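What follows is a single structure, written as structure tokens, with notes after it.
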Amino acid sequence: MTTEKKNISLESTVEYSKQASRATAKRLIRFFIRRLILLMITIVVGVYITIIVANMGGYVDTILKSAIREEVNMQVAEMSAKSNIPESERRELIESMIEEREKIAGLDQPFIRRSFTHLKNALTLNFGRARFMISDHGSRMVRNIILERLPATLLLMGTSQLLLFAISLFLALVVSRHYGSFWDKLIVTLSPTSSIPPWFYGIFLILIFAAWLKVLPFGGMVAAPPPPTKIGYFLSVLKHMILPAFSLFISSFMISTYSWRTFFLIYSSEDYVDMAKAKGLGSRAIERRYILRPTLPNIITSFALMLVGIWTGATLTETVFLWPGLGTIIYEAVSRYDTAVIVGTTIIQAYLLGITVFLLDFLYAIVDPRVKLGGGK
């Protein structure tokens with residue numbers, strides 16, 4: 001009888017475990033689906049708003065039509081100068097050429113209809129052709145234009161932002177151990193200097209190190225002509241990258257260090273930290289277990305969003321240093337009303353941001369046991 005009760009108890013325990021596992025799996029699946037739907041809705045709305053804003057609600061069409069009419073009038077005027085064309089034929093030729101070019105550009109359709117076509121193409125990463133801009137290899141495909149400039153931006157932004165993240169985090173942790181010291185007060189005092197944009201620092205760095213001391217180049221990515229050897233090419237790129245990378249680093253260094261230092265100080269004043277000190281735990285163990293561990297989700301979030309921000313580049317800084325990255329492309333696309341390029345870079349960042357937010361939920365659950373996926377008890 002006792003053996004039968006044990007078997008029944010064991011079977012009920014196994015069945016309960018199976019039911020709990022199935023319930024957890026269902027909750028995770030619901031969480032996956034819900035998050036994916038919300039993220040897709042957010043991305044679709046954000047992309048469509050970007051298309052509307054990039055086209056200025058259709059006002060860019062008026063600008064493009066005016067540009068087409070002006071180009072056609074100039075071409076017909078050159079043709080008329082070589083051969084006498086009657087006025088009536090001249091007007092018909094102008095109107096027919098304008099109509100043909102507007103049809104090729106899609107301007108013969110209403111803007112609302114074209115906006116939804118642009119939305120479908122953008123969501124499927126079919127960015128089409130740029131209207132004015134071309135890649136260095138002569139291609140008008142937006143994908144080729146972006147991919148051609150992407151490595152330069154990843155090199156510059158990745159180097160500067162990774163150094164900024166690592167150094168400011170480490171220094172903030174060191175300063176938080178010595179609250180009220182000279183270095184702590186210095187960080188607090190200099191934190192407002194981060195209100196100065198990186199391109200402004202860049203101009204001063206150019207004046208000092210390029211114009212006055214003449215030890216670093218004014219701009220560009222590599223010397224002209226490029227060095228023939230791989231080592232020489234690498235050293236040339238490294239030399240050209242010093243000023244723009246340092247300007248990006250120094251513009252955010254103080255405020256980043258100040259923010260992390262304040263963050264660590266808040267967690268170091270918690271009651272459980274005082275309890276750990278009372279138990280006699282060492283400062284390193286307290287710092288690792290009771291300060292860094294609770295702040296890990298915030299550190300991961302900051303790092304992930306920093307990686308997403310690398311994609312867009314630094315528009316004005318790259319322009320100041322003539323760095324051939326995505327920032328320069330975006331600046332040129334905005335100034336020339338090249339909507340396809342603007343939308344293409346924005347769409348890719350929207351996808352990267354959505355994927356990052358989606359993955360962060362699971363990273364939170366791994367590093368923080370208080371977070372449970374999908375809710376529930």
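The values are calculated or read from the model by the stated rules, or taken from the named source; none is laboratory data. Worth saying up front: this structure is predicted, and the values here are computed from it rather than measured. All Cβ positions, even for glycine, are placed from backbone atoms using ideal geometry, and neighbour counts span all protein chains on display.
Against the list (1) surrounded by fewer than 17 Cβ atoms within 10 Å (Cβ to Cβ); (2) more than 23 Å from SER195 (Cβ to Cβ), the condition LEU265 fails is (2).
Can ILE112 be described as surrounded by fewer than 16 Cβ atoms within 10 Å (Cβ to Cβ) and in a helix (DSSP H, G or I)? Yes: the conditions hold for ILE112. If only residues of region 309-322 that are surrounded by 18 or more Cβ atoms within 10 Å (Cβ to Cβ) and hydrophobic (A, V, I, L, M, F, W, C) are counted, the one that is modelled with the highest pLDDT is PHE321. Does PHE253 satisfy being over 30 Å from ILE347 (Cα atoms), surrounded by 13 or more Cβ atoms within 10 Å (Cβ to Cβ) and in the same structural domain as LEU326 (by TED's automatic domain parsing)? In short, no. If we scan region 288-306, do we find a residue that is surrounded by 14 or more Cβ atoms within 10 Å (Cβ to Cβ), in a loop (DSSP other than H, G, I, E, B) and in the same structural domain as MET221 (by TED's automatic domain parsing)? Checked against the condition, which is being surrounded by 14 or more Cβ atoms within 10 Å (Cβ to Cβ), in a loop (DSSP other than H, G, I, E, B) and in the same structural domain as MET221 (by TED's automatic domain parsing), region 288-306 yields no hits at all.
Within region 193-213, the set of residues being outside any helix (DSSP H, G or I) and either modelled with pLDDT of 90 or more or in contact with a Lys or Arg (Cβ under 9 Å, 6 or more places away or on another chain) (or both) comprises LEU213 only.
For the criterion of being of a type in the set (D, E, K, R) and without any contact (Cβ under 8 Å) to a residue 60 or more places away in the chain, ARG140 passes. Taken over region 219-234, residues that are without any contact (Cβ under 8 Å) to a residue 60 or more places away in the chain and surrounded by 14 or more Cβ atoms within 10 Å (Cβ to Cβ) amount to 4.
Apart from one condition, SER168 fits all of (1) in contact (Cβ under 8 Å) with a residue 40 or more places away in the chain; (2) small (Gly, Ala, Ser); (3) outside the structural domain of GLY327 (by TED's automatic domain parsing); the exception is (3). Give the residue, chosen from THR159, THR153, THR117, THR124, that is exposed (fewer than 12 other Cβ atoms within 10 Å of the Cβ) and either in contact (Cβ under 8 Å) with a residue 60 or more places away in the chain or of a type in the set (S, T, N, Q) (or both). Among THR159, THR153, THR117, THR124, only THR124 is exposed (fewer than 12 other Cβ atoms within 10 Å of the Cβ) and either in contact (Cβ under 8 Å) with a residue 60 or more places away in the chain or of a type in the set (S, T, N, Q) (or both). Does any residue of region 196-216 turn out to be farther than 27 Å from SER283 by Cα, exposed (fewer than 15 other Cβ atoms within 10 Å of the Cβ) and of a type in the set (D, E, K, R)? There is at least one residue in region 196-216 that is farther than 27 Å from SER283 by Cα, exposed (fewer than 15 other Cβ atoms within 10 Å of the Cβ) and of a type in the set (D, E, K, R). Among the conditions (1) under 24 Å from LEU155 (Cβ atoms); (2) among the hydrophobic types (A, V, I, L, M, F, W, C); (3) out of contact with any Pro (no Cβ under 6 Å at 6 or more places or on another chain), PHE321 misses just one, which is (3). Under the condition of being surrounded by fewer than 23 Cβ atoms within 10 Å (Cβ to Cβ) and in contact with a Lys or Arg (Cβ under 9 Å, 6 or more places away or on another chain), the residues counted in region 341-361 number 3.
Taking the criterion of being charged (D, E, K, R) and more than 20 Å from GLN161 (Cβ to Cβ), would at least one residue in region 255-265 satisfy it? Taking every residue of region 255-265 in turn, none turns out to be charged (D, E, K, R) and more than 20 Å from GLN161 (Cβ to Cβ). Residues that are in a helix (DSSP H, G or I) and closer than 16 Å to TYR331 by Cα within region 115-146 comprise VAL142, ILE145, ILE146, listed in sequence order. Inspect region 219-227 for any residue being assigned by TED's automatic domain parsing to the domain that holds GLU287 and assigned to a helix (DSSP H, G or I) and give the result as yes or no. The answer is no; no qualifying residue exists. Just one of the listed residues (LEU154, LEU147) is touching a Phe, Trp or Tyr at 6+ places or on another chain (Cβ under 9 Å) and modelled with pLDDT of 80 or more, and it is LEU154.
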